[in-house]
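Worksheet: the structure to be examined is printed underneath.
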Amino acid sequence: MEIKINNKIYEAKEGEGIFKVCKNNGIKIPTLCSSKEFQEGLCRICVVEINGKLMTSCNTKVAEGMEIITESENIDKARRINLELLWADHAGKCATCKKNRMCKLQSLAEEYKIENFHFIPRKGEITGQEELDLIRDNWTRVVVENENPCISRNSEFCVECRKCINVCPEKAFGFNHRGSDIVVGTPYEKVLDCSFCGECVRVCPTASLMDQNNYGEIVETLDDLKKFSVAVLDFGIEEKILEQIKIGISPEKDLNKLLINLGFEKIISLSEKDKDNEDEIIKQIKTDYAKQEKINPADIAVFFISSKIYKKKNKNEFLDYVLSEREVARLVRDKEKIKTGKIRL
Amino acid sequence: MKDIKIITEHWGKIDPLKIEDYLGVGGYEALGKFISKMKPEEVVEEIKKSGLCGRGGAGFSTGNKLESVANNPKAEKYFICNLEESEPGTYKDRLIVDNNPHLLLEGIIISALSIGAKRAYIYINGNFEKQKEILERAIEQAKEKKYWGENILGSEYNLEIEIFSGAGAYICGEETALINSIKGNRGEPKYRPPYPTQAGLFGCPTAVNNAETISNIPWIILQGGKEYAKIGAKNSPGTKLFILSGAVKNPGVYEAPTGITVKELIEEYAGGIQKGKEFWFAQIGGACGKLFLEKELDAKLNFSVGTGRDLSVQMGSGSILVVDKSVNIHDLLISWTDFFRRESCGKCVPCREGTFRLWEIAKRFRDNKISDRDKEAVKDILWTLNNTTFCPLGKFSATAFQDAVEKLKIWK
Ligand SMILES: Cc1cc2nc3c(=O)[nH]c(=O)nc-3n(C[C@H](O)[C@H](O)[C@H](O)COP(=O)(O)O)c2cc1C
Ligand code: SF4
């Protein structure tokens, strides 16, 4: 069928969402909550105008003869107000945030120049006593949980986009409470206990769900000249890492260079056929390889770089750290920051 | 015409716990007439002729709704009676159960059979313990008389009736959230289309109707749709239960024809304003209702804002809160905003965050700490609530506040 977007005619298929049609035709619409698999229309940022009415483009389907406008004063106003409301509910700790410059909310807030002039932060650090008094009853429940071995959870950063809830194959998360008290959590707020496939961390747009690690120790190990750091790259991880750092972090396309720059001294890339014996290959580093190279195994630090974050709970004498593509990107980000001496946007 | 009573006719005169009492005043005759003389499509036709429209607030044509479910080729269909009634200041539906539960039950059975449903649900607010017991009793008595179950009154018709008790959330009165709740999901609205009439409960065509709407149906079957259409306003005929509260002499629930003016209701039904009190404004339709000043009280209460010259207002649930000048507006603002920030399902940004911010600002207003920045923020929040929320609840939450700013000029 034919539809009109910004006064130009486009071809669209029955049942397609407007957002998708726009995307396919290179028309950019911002969104926080929708993805290829789920379009729930929760963030209300992807609004467009259809016959003068604001509608969310992600979950509104095309119809014959539809006329859609994707940029207008009202659209911009809606996006700004809704982003500002979200922003005020957010922790607002970008400078020290683990996800700084890798955060969807932050980049949208920058794009729409959200500076929060209207509201008092609801979550996060408050300094002045007056502010503290005002905010006392405004605190929403914040869930911080670091007791599980793989995923670090802090709802202070959560924008309630529901991506984690939707993507989780085990239905580990849900919305607890309602209204302004809503919080994404586990049933009865129990410690997260799942197979830790890491999908939720992958889709989280902010720093609410993060890879569990001891970041300081990792940096120290990599910087330690006495330590021989070995990176074992899982099959397929290379593109994922480059994908992560592509926007706003580093233009570098040579992964080996990046890793060496981070402090790795040896890089082992697994191929597809190594899938079933990766544990064996990892074990050989501190045994056979150490013997052959005459390195004291105690001086070797083995990093498995993989999306399989459940491996974090299987660390042992042969495997010191498991890093996901996001954690590598974060290491790169912080290295770049030191190199250039400032945060580049 | 003014004295015509359809819903409240037997209130206080019969024992609601005894089916015999209801039978004594002609109860279940409409069901008998349907079973013995009418085809399901004739029932739907009669309801269409009556012009009956939904008493749950939106005023959608009941006949059209039933027809679209009836005409759906899918074999499995459901009928749901909406007895959630969480709108502040609204307590008409539960009074129907208190006073004449069998009238409602008869309406449910006829409506369900007319659309070809084999199963009907009564979705009741979890706080209505007493009404649930009354209904359970009525359902039991009706089963003994074979008014529902297998082979109703010896016919080929079968129907199961089940009461489903919600948890008492305002949003679960919204039909898609209600359906989610029966399915065991989180009580939050779903994107429409598809509408419940196309794909509702368990993916099947479903008609959701308000308890008061349904209670009109036995009368329509017995007296005919044409007779019903003669009552009240042309564009939304019938009688309506109005709930008057606040600074009136006799607060309570009154049945009156649609098209009546707010003034008439206050003066002639509720005994006027209490002595020593001075009228300020009336809120029509619950916490989500608009505010009306004295000069607007001649407006006729309707479901659709008419095109005619007459000033008319949408009555929503039918509640009328009369506020006098001694009322502290801060209390009201906080009560409204707190209600919506608690009852928002919390899934979409403008409603979850916006209702919270309005409440926060209302409290600062009370404490005399309101700033210009807050007033600007209120403008933005009301705008986004009106234009970008997922479901009508978000929009509802802006109505009273907006009128308070624009009509009552609270900021000055
Ligand atoms: C937030 C919200 C709350 C609602 N609450 C109720 C309610 O308590 N009872 C009700 O009958 N309808 C309620 N409705 C309307 C229902 O969605 C639906 O339109 C109605 O039950 C249809 O019945 P009717 O056509 O007989 O009015 C509500 C709607 C919204 C948006
Ligand atoms: S407007 Fe949004 S948050 Fe509010 S009740 Fe509807 S869906 Fe839920």
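The values are calculated or read from the model by the stated rules, or taken from the named source; none is laboratory data. Just so you know, these numbers come straight off a predicted model, no measurement behind them. Because the Cβ atoms are built from the backbone with ideal geometry, glycine has one as well, and the counts that use them run over all protein chains shown.
Going by what's in this entry, would residue A:48 be described as within 14 Å of another protein chain (Cβ to nearest Cβ) and surrounded by 14 or more Cβ atoms within 10 Å (Cβ to Cβ)?
For residue A:48, the condition - within 14 Å of another protein chain (Cβ to nearest Cβ) and surrounded by 14 or more Cβ atoms within 10 Å (Cβ to Cβ) - is met.
Just to verify a result, which residue in segment B:66-90, among those that are over 17 Å from residue B:119 (Cα atoms) and near ligand 1 (Cβ under 9 Å from one of its atoms), is surrounded by the fewest Cβ atoms within 10 Å (Cβ to Cβ)?
By that ranking, first place goes to B:86.
Okay, residues lined up against (1) within 16 Å of ligand 2 (Cβ to nearest atom); (2) within 14 Å of chain A (Cβ to nearest Cβ):
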{"residue": "B:297", "(1), (2)": "no, no"}
{"residue": "B:304", "(1), (2)": "no, no"}
{"residue": "B:312", "(1), (2)": "no, no"}
{"residue": "B:331", "(1), (2)": "no, no"}
{"residue": "B:338", "(1), (2)": "yes, yes"}
{"residue": "B:341", "(1), (2)": "yes, yes"}
{"residue": "B:353", "(1), (2)": "yes, yes"}
{"residue": "B:361", "(1), (2)": "no, yes"}
{"residue": "B:396", "(1), (2)": "yes, yes"}
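Tell me whether segment B:261-272 contains one or more residues that are part of a strand (DSSP E or B) and either touching a residue at least 40 places away in the same chain (Cβ under 8 Å) or on the phi > 0 side of the Ramachandran plot (or both).
Among the residues of segment B:261-272, at least one is part of a strand (DSSP E or B) and either touching a residue at least 40 places away in the same chain (Cβ under 8 Å) or on the phi > 0 side of the Ramachandran plot (or both), which makes the answer yes.
Restricting to segment A:33-45, name every residue that is more than 10 Å from every other protein chain (Cβ to nearest Cβ) and touching an Asp or Glu at 6+ places or on another chain (Cβ under 8 Å).
A:34
Does residue B:202 satisfy the criteria of being in the same structural domain as residue B:318 (by TED's automatic domain parsing), touching a residue at least 24 places away in the same chain (Cβ under 8 Å) and away from ligand 1 (no atom under 15 Å from the Cβ)?
So residue B:202 fails the test.
For (1) part of a loop (DSSP other than H, G, I, E, B); (2) not charged (D, E, K, R), each residue gets a yes or a no:
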{"site": "B:331", "(1), (2)": "no, no"}
{"site": "B:347", "(1), (2)": "yes, no"}
{"site": "B:352", "(1), (2)": "no, no"}
{"site": "B:358", "(1), (2)": "no, yes"}
{"site": "B:379", "(1), (2)": "no, no"}
{"site": "B:385", "(1), (2)": "no, yes"}
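Here is a list of conditions, (1) under 30 Å from residue A:210 (Cα atoms); (2) buried (at least 17 other Cβ atoms within 10 Å of the Cβ); (3) more than 12 Å from chain B (Cβ to nearest Cβ); (4) over 20 Å from the mean Cα position of the chain (by Cα), and residue A:113 meets all of them except one; can you say which number that is?
Answer for residue A:113: the failing condition is (2).
Could you check segment B:379-402 and list, in sequence order, the residues that are crowded, with 23+ Cβ neighbours inside 10 Å and over 21 Å from the mean Cα position of the chain (by Cα)?
B:381, B:384, B:385, B:388, B:389, B:401
Conditions (1) farther than 26 Å from residue A:311 by Cβ; (2) aromatic (Phe, Trp, Tyr); (3) within 12 Å of chain B (Cβ to nearest Cβ); (4) assigned to a helix (DSSP H, G or I), marked per residue:
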residue	(1), (2), (3), (4)
A:152	no, no, no, no
A:156	yes, no, no, yes
A:160	yes, no, yes, no
A:171	no, no, yes, no
A:175	yes, yes, yes, no
A:184	no, no, yes, no
A:194	no, no, no, no
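Residues being buried (at least 20 other Cβ atoms within 10 Å of the Cβ), touching a Phe, Trp or Tyr at 6+ places or on another chain (Cβ under 9 Å) and within 14 Å of another protein chain (Cβ to nearest Cβ): count how many of those fall in segment B:177-217.
3
Please go through segment A:149-202 and give me each residue that is within 14 Å of the chain's Cα centre (by Cα) and either of a type in the set (Asp, Glu) or surrounded by fewer than 17 Cβ atoms within 10 Å (Cβ to Cβ) (or both), ordered by number.
Once the filter is applied, which keeps residues that are within 14 Å of the chain's Cα centre (by Cα) and either of a type in the set (Asp, Glu) or surrounded by fewer than 17 Cβ atoms within 10 Å (Cβ to Cβ) (or both), segment A:149-202 yields A:160, A:199.
Residues of segment A:214-258 being in contact (Cβ under 8 Å) with a residue 24 or more places away in the chain and within 13 Å of residue A:334 (Cβ to Cβ), which ones?
Answer for segment A:214-258, where residues must be in contact (Cβ under 8 Å) with a residue 24 or more places away in the chain and within 13 Å of residue A:334 (Cβ to Cβ): A:215, A:218, A:219, A:222, A:223, A:245, A:249, A:250, A:258.
Which condition from (1) touching a residue at least 40 places away in the same chain (Cβ under 8 Å); (2) touching a Gly at 6+ places or on another chain (Cβ under 6 Å); (3) β-branched (Val, Ile, Thr) is the one that residue A:45 breaks?
(2)
Which of the residues belonging to segment A:51-66 are within 12 Å of chain B (Cβ to nearest Cβ) and either surrounded by fewer than 24 Cβ atoms within 10 Å (Cβ to Cβ) or at pLDDT below 95 (or both)?
Those that are within 12 Å of chain B (Cβ to nearest Cβ) and either surrounded by fewer than 24 Cβ atoms within 10 Å (Cβ to Cβ) or at pLDDT below 95 (or both): A:52, A:53, A:54, A:55, A:59, A:60, A:61, A:63.
In segment A:67-83, what residues are more than 8 Å from chain B (Cβ to nearest Cβ) and not hydrophobic (A, V, I, L, M, F, W, C)?
Within segment A:67-83, A:67, A:70, A:71, A:72, A:73, A:76, A:79, A:80 qualify.
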